[in-house]
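Bear in mind that the values in this text are calculations on the coordinates, not laboratory data. This structure is a prediction, so every number in the text was calculated from the model and none was measured. Every residue, glycine as well, gets a Cβ built from its backbone with ideal geometry; the counts of neighbours run over all protein chains shown.
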Amino acid sequence: MEKYIKIFFGTLVISFVIFFLGNGFFDGGNLLETTILSVGAVIILLLSYLIAQIHYLIDLVGEITKKN
């Protein structure tokens, strides 16, 4: 389980760094910027969770196929 927690937090941190670095290239004068950043942060959180779950499922299927 520790492996998947590391995958989750690793993808989360890397995604946020890339997200905010990419955001730095644009001007901050838009009124919708906070909404866009909030939605982007939620999307990053959910995708990081999905990536961790996909790694778990891949390992689970690998273990099942080894037993058969």
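Most mobile of 38, 15, 48 per a Gaussian network model of the chain (Cα springs, under 10 Å)? Comparing 38, 15, 48 in a Gaussian network model of the chain, the most mobile one is 38.
Helix 2-23 and the long axis of the chain differ in direction by around 20°, with both axes built from C-alpha atoms. GNM remark for the chain: springs join alpha carbons under 10 Å apart, and the peak mean-square fluctuation among 31, 21, 47 falls on 31.
Computed from backbone phi with θ = phi - 60° and the Karplus coefficients 6.51, -1.76 and 1.60, the 3J(HN,Hα) list for the stretch 50-63 is 5, 4, 5, 5, 5, 4, 4, 5, 4, 5, 5, 5, x, 5 Hz; x is used for glycine and proline.
Helix-only estimate, please: 222 nm mean residue ellipticity of the chain, summing -39500 (n - 2.57) across DSSP H runs of length 4 or more and dividing by its residues, to the nearest 500. Before the final figure, lay out each step's value.
Numbers: 2 runs with 57 residues, N = 68.
That comes out to -30000 deg cm²/dmol.
Excluding the sites themselves, what is the longest stretch of the chain that contains no chymotrypsin sites (Phe, Trp or Tyr not before Pro) in a DSSP loop with at most 13 other C-beta atoms within 10 Å?
Longest gap between qualifying sites, sites excluded: 27-68.
If only the Cβ of Lys and Arg carry +1 and only the Cβ of Asp and Glu carry -1, the dipole of the stretch 2-67 around its Cα centre is close to 340 debye.
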